[in-house]
1. Identify, please: which residue in the stretch 534-570 is aliphatic (A, V, I, L, M) and part of a strand (DSSP E or B) and is, among those, farthest from LEU315 (Cα to Cα)?
2. Please tell me if ILE17 is touching a helix residue (DSSP H, G or I) at 6+ places or on another chain (Cβ under 7 Å) and either touching a residue at least 24 places away in the same chain (Cβ under 8 Å) or of a type outside the set (Val, Ile, Thr) (or both).
3. Filter the stretch 29-78 for residues that are among the charged types (D, E, K, R) and either in a helix (DSSP H, G or I) or surrounded by 15 or more Cβ atoms within 10 Å (Cβ to Cβ) (or both) and give the result.
4. If you check GLY219 against the conditions, is it within 16 Å of ligand 3 (Cβ to nearest atom) and assigned to a helix (DSSP H, G or I)?
5. For the stretch 524-565, which positions are among the hydroxyl-bearing types (Ser, Thr, Tyr) and either surrounded by 24 or more Cβ atoms within 10 Å (Cβ to Cβ) or within 18 Å of GLU43 (Cα to Cα) (or both)?
6. Under the condition of being part of a helix (DSSP H, G or I) and of a type in the set (Gly, Ala, Ser), which residue from the stretch 571-598 is surrounded by the most Cβ atoms within 10 Å (Cβ to Cβ)?
7. Consider GLY165 carefully, then state whether it is under 22 Å from GLU133 (Cα atoms) and free of Cβ contacts under 8 Å to residues at least 24 places away in the same chain.
Amino acid sequence: KKDLTAYSICSDARAMIKKAREDGVETVWDRLEEQEPQCGFCELGLSCRNCIMGPCRIDPFGNGPKRGVCGADADVIVARNFGRMVAAGAAAHSDHGRDLVETLHAVAQGQTTDYGVRDEAKLRRIAAEVGLEVEGKDVKAVAAALADQFYEDYGFKRGSMSFLGRVPAKRQEVWKKFGITPRGIDRDVVEMMHRTHMGVDNDAVSLCLHAARLSLADGWGGSMIATELSDILFGTPAPATAKVNLGVLKADHVNILVHGHSPIVSEMILAAVRDPGLIAKAKAAGAAGINLAGLCCTGNELLMRQGIPMAGNHLMTELAIVTGAVEVVVVDYQCIMPSLVTVAGCYHSRIVTTSPKAHFTGATHVEFDMHNARQKAIEVVELAIERFTARDQGRVDIPGEPVDIMTGFSNEAILTALGGSAGPLLDAIKAGQIRGAVAVVGCNNPKVKHDYQNSNLIRECIKRDLLVLVTGCVTVSAGKQGLLMPSAADLAGPGLSAVCKALGIPPVLHMGSCVDNSRIIQLCGMLANALGVDISDLPVAAAAPEWYSEKAATIGLYAVASGVFTVLGLAPPILGSKAVTDLAVSGLEGVVGATFAVEGDPVKAAELIDARVRAKRKALGLTP
Ligand code: SF4
Ligand code: WCC
Ligand code: FE2
């Protein structure tokens with residue numbers, strides 16, 4: 001076995017990997033080792049299972065087959081595989097968005113009392129923005145009209161998707177020129193499945209352009225709808241402080257973790273843990289109270305809006321259970337390792353699944369819908385209290401002390417902090433105090449040392465006076481290192497540091513969950529509009545240093561297709577095709593004004609980002 005320091009930079013992670021070994025619990029790292037060496041054909045994108053004349057694979061060294069049974073070459077196979085990957089990511093985000101549209105619809109029709117509109121002002125603002133009549137209408141009527149309008153974004157009934165008005169005119173021209181304006185979320189995802197069936201789209205460039213289009217249907221469509229409706233239903237985030245790392249678990253409390261993505265479930269669990277009757281029951285069972293903490297993106301949703309602490313990110317999900325202190329992990333969908341059921345089985349813990357779309361063999365299924373959510377959440381908390389009585393305190397080990405973080409930076413909150421408009425941010429950028437902005441987002445991946453690339457890239461960026469925006473699992477990577485507090489301004493370059501100290505904000509702003517990358521792309525649109533330029537002219541960049549998921553591939557592609565240079569810490573499975581690789585790392589510059597780069601070293605990645613920022617600043621007539 002490798003030394004513990006090889007796995008993670010976090011002391012809480014290392015302590016729990018050690019405990020997992022002692023307790024005989026298998027983790028993600030053990031299974032990665034068992035899989036190695038992983039398939040080289042698949043890694044390069046050169047294997048195809050799209051029909052049963054196959055499976056086929058192309059020899060990357062040129063000695064074996066150059067074509068699949070149908071005649072598809074390396075370029076077509078790689079492009080098709082990548083296209084399906086992007087489609088799956090868009091489907092995940094957007095189907096999550098659909099659940100929020102259905103919830104808003106149910107609220108509007110009076111079909112649920114469990115949910116309601118918490119931010120009516122935002123509801124009215126968004127409805128007006130997308131062209132609906134709001135004057136003189138009551139909240140339910142506006143909600144009904146907005147839900148109907150968003151339903152149409154999933155199909156292809158109207159000419160244009162609701163939020164394309166947020167896209168700067170110059171960017172819209174680029175999309176029109178290359179035929180990549182998204183038309184409808186479901187339509188563009190389905191079309192990729194169609195195109196990648198045997199014998200349909202057999203040109204790598206054509207496939208990649210459609211992948212770009214469907215990613216835009218996610219970024220400016222499904223994800224954006226998920227973000228905006230979550231704010232309307234659960235409140236628009238505002239700055240607050242909270243805590244992070246496994247130390248947020250409490251040895252004397254009933255501990256419940258929420259994991260997955262949608263606030264529809266986690267918000268109901270939050271309401272239930274605050275129920276005085278249930279708290280009394282927990283006390284009667286011998287606990288000091290009920291403690292709720294988050295994992296992954298639904299954790300981010302509760303953190304952003306409610307200040308609920310974060311126990312960890314993707315690679316911490318198994319390890320959180322290894323503490324022996326977790327009664328129940330409530331999950332909905334996405335990024336939930338099926339191994340959690342096995343890990344829970346080694347302790348007294350239970351995995352509770354809640355979505356009809358996401359069953360896990362061996363888990364306890366408590367299905368949530370719009371009409372029963374509050375009641376089901378109470379049942380889950382009761383199960384957790386019952387489990388507490390089965391906990392073996394002798395096996396409990398909660399490592400470390402929680403670290404303080406600042407959260408809640410929605411675009412609304414950022415503009416408020418700046419005094420109402422993007423003007424002061426633009427002034428700071430023009431003056432070179434803030435040289436640019438970098439979104440550092442995405443996951444963990446056991447192929448790289450946990451949190452190392454995420455947190456070190458952030459350090460390198462802020463040193464260079466680049467404001468950093470984080471979402472998803474990077475939030476926890478940054479938070480545990482103290483980078484989400486105003487005191488981290490001391491680690492920033494002199495310009496950024498001064499701005500942060502004047503405003504009392506951290507140099508790294510937490511903007512939410514993965515679907516909330518839509519906030520960042522919207523902010524880019526606002527900055528570009530304020531300057532009268534395209535997004536690709538801005539001194540901005542994005543990075544996903546430790547990404548693992550199909551969703552992250554989709555986010556990366558919509559960032560690039562929106563004009564944002566994007567650095568990936570691990571290569572996507574496209575290297576088997578020179579044509580697709582060349583397009584990704586250079587050819588796209590001439591199409592959408594941005595490319596991907598692949599760089600796993602955080603210092604080198606920061607240098608690539610810095611070079612982009614310099615070039616863009618120079619082109620805008622600013623000091624580099
Ligand atoms: Fe092989 Fe072509 Fe079928 Fe893919 S689509 S499995 S390359 S025959
Ligand atoms: Ni978003 Fe990546 Fe976390 Fe899952 S929760 S692991 S996609 S960053
Ligand atoms: Fe996520």
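The values are calculated or read from the model by the stated rules, or taken from the named source; none is laboratory data. Note that the coordinates shown come from a computational prediction; the quantities given were computed from them, not determined experimentally. Cβ atoms come from the backbone with ideal geometry, glycine included; neighbour counts cover every protein chain shown.
1. Looking only at the stretch 534-570, we keep the residues that are aliphatic (A, V, I, L, M), and these are 535, 538, 540-544, 552-553, 555, 557, 559-561, 564, 567-568, 570.
Remaining after also requiring part of a strand (DSSP E or B): 540-544, 567-568.
Numbers: VAL540: 28, ALA541: 25, ALA542: 22, ALA543: 19, ALA544: 15, VAL567: 21, LEU568: 18 Å.
Residue satisfying both the conditions and the ranking: VAL540.
2. Working: touching a helix residue (DSSP H, G or I) at 6+ places or on another chain (Cβ under 7 Å): yes; either touching a residue at least 24 places away in the same chain (Cβ under 8 Å) or of a type outside the set (Val, Ile, Thr) (or both): yes.
Yes, satisfied.
3. First, pick out the residues of the stretch 29-78 that are among the charged types (D, E, K, R): 30-31, 33-34, 36, 43, 49, 57, 59, 66-67, 73, 75.
Correct list: ASP30, ARG31, GLU33, GLU34, GLU43, ARG57, ASP73, ASP75.
4. Numbers: within 16 Å of ligand 3 (Cβ to nearest atom): yes; assigned to a helix (DSSP H, G or I): yes.
Answer is yes for this residue.
5. We begin by selecting, within the stretch 524-565, every residue among the hydroxyl-bearing types (Ser, Thr, Tyr); these are 536, 548-549, 554, 558, 562.
Passing the criteria: TYR548, SER549, THR554, TYR558, SER562.
6. Of all residues in the stretch 571-598, those part of a helix (DSSP H, G or I) come to 578-587, 589-592.
Within this subset, residues satisfying the condition of being of a type in the set (Gly, Ala, Ser) are 579, 584, 586-587, 590.
Working: ALA579: 19, ALA584: 25, SER586: 12, GLY587: 16, GLY590: 9.
Applying the filter and picking the extreme gives ALA584.
7. Working: under 22 Å from GLU133 (Cα atoms): yes; free of Cβ contacts under 8 Å to residues at least 24 places away in the same chain: no.
Answer is no for this residue.
To keep it simple, each residue is scored yes or no on (1) among the polar types (S, T, N, Q); (2) surrounded by fewer than 24 Cβ atoms within 10 Å (Cβ to Cβ); (3) within 16 Å of ligand 2 (Cβ to nearest atom).
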position	(1), (2), (3)
ALA288	no, yes, no
CYS296	no, no, yes
GLU301	no, no, yes
VAL326	no, no, no
VAL331	no, no, yes
PRO338	no, yes, yes
CYS346	no, yes, no
THR361	yes, yes, no
VAL366	no, yes, no
